[in-house]
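A.B. asks: My questions all concern the structure below.
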Amino acid sequence: MLTRGLPAREVRRRVPRLVLSFAALGAAVALMVRADLGLAPWDVLHQGISERVGVPIGMVGVLVGGLVLVLWIPLRQRPGLGTVLNFVLIGAFVDLTLAVLPEHPSTPVRWVELAVGLFLWGPGVAAYLACDLGPGPRDGIMTAFVDRGMSLRVVRTVMELIVLGVGFALGGTVGLGTVLFALTIGPNVHWFTERYFPRGVAFVPPATPAVAAGD
């Protein structure tokens, strides 16, 4: 089930790219944290809930991820190996990246970190989704609506703005980086996804024809 019916050889071929994609996303999160110019919208939501209920923000993130997975049921989304590794690896790569990034960077360096962090979300998300081993909890909501004919850039932007609004209402901290993230991640992921899915932004196994031909 977790390998979505792919042959073992094909899974082994895709897993390294999946891990590298999660490394890029972990680095993106760490760079935004170190830049300290605003949390990503989902983290604003986690922070707001944390302050309201007194649960640590990291635990809130896990619980929210689990709740989002429940929303997959009516959308008929299927988890996969990528879903599990998304939970495990991105956080680990965040910690590894933070361990090597200098603390208290200068203001110009912080803006560079923010810009690089924002950019990495596009290729990171597109590359791991192209592995067709299952989306992460939040990306699964996005892919469900895109597969129903909606625009990826619109779906992702609306998702982020809704989450940002709820998080802000609950008391989460919003900065310029937060707003830039919410407004750019949709077009960013859409642009890169079109490069990985040349027949259109639809989340179907891109490598299936090659596998069938004996790749």
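The values are calculated or read from the model by the stated rules, or taken from the named source; none is laboratory data. None of the values given here were measured: they were computed from a predicted structure. Here the Cβ positions follow ideal geometry from the backbone for every residue, glycine too, while neighbour counts run over all protein chains shown.
A.B. asks: Name every residue in the stretch 133-152 that is hydrophobic (A, V, I, L, M, F, W, C) and assigned to a loop (DSSP other than H, G, I, E, B), in order of residue number.
C.D. replies: Narrowing the stretch 133-152 to residues hydrophobic (A, V, I, L, M, F, W, C): 133, 141-142, 144-146, 150, 152.
Correct list: Leu133, Met150.
A.B. asks: Something else: Taking Leu114 as meeting all but one of (1) closer than 22 Å to Gly172 by Cβ; (2) of a type outside the set (D, E, K, R); (3) touching a helix residue (DSSP H, G or I) at 6+ places or on another chain (Cβ under 6 Å); (4) at pLDDT below 90, write down the number of the exception.
C.D. replies: Here Leu114 meets the rest and fails (4).
A.B. asks: Give just the number: which of (1) at pLDDT below 95; (2) loosely packed, with under 15 Cβ neighbours inside 10 Å does Ala126 not satisfy?
C.D. replies: That leaves (2) as the condition not met.
A.B. asks: Check Pro108, Pro135 and return the single one that is surrounded by fewer than 22 Cβ atoms within 10 Å (Cβ to Cβ) and at pLDDT 90 or above. Talk me through it step by step, then tell me what you get.
C.D. replies: Details: Pro135 fails: surrounded by fewer than 22 Cβ atoms within 10 Å (Cβ to Cβ).
Residue meeting the stated conditions: Pro108.
A.B. asks: From the set of residues in the stretch 138-194 that are out of contact with any Gly (no Cβ under 9 Å at 6 or more places or on another chain) and over 24 Å from Gly80 (Cα atoms), which is surrounded by the fewest Cβ atoms within 10 Å (Cβ to Cβ)?
C.D. replies: Restricting to residues being out of contact with any Gly (no Cβ under 9 Å at 6 or more places or on another chain) and over 24 Å from Gly80 (Cα atoms), the top hit is Ile162.
A.B. asks: Have a look at Leu31, Leu39, Leu75, Leu6 and point out the one that is surrounded by 18 or more Cβ atoms within 10 Å (Cβ to Cβ) and more than 18 Å from the chain's Cα centre (by Cα).
C.D. replies: It is Leu6.
A.B. asks: Given the residues Thr184, Thr173, Thr193, which is the only one that is within 22 Å of Ile90 (Cβ to Cβ) and modelled with pLDDT of 95 or more?
C.D. replies: Working: Thr173 fails: modelled with pLDDT of 95 or more; Thr193 fails: modelled with pLDDT of 95 or more.
Going through Thr184, Thr173, Thr193 in turn, the sole match is Thr184.
A.B. asks: Residues being in contact (Cβ under 8 Å) with a residue 12 or more places away in the chain, small (Gly, Ala, Ser) and either touching a Cys at 6+ places or on another chain (Cβ under 7 Å) or part of a loop (DSSP other than H, G, I, E, B) (or both): count how many of those fall in the stretch 70-117.
C.D. replies: 2
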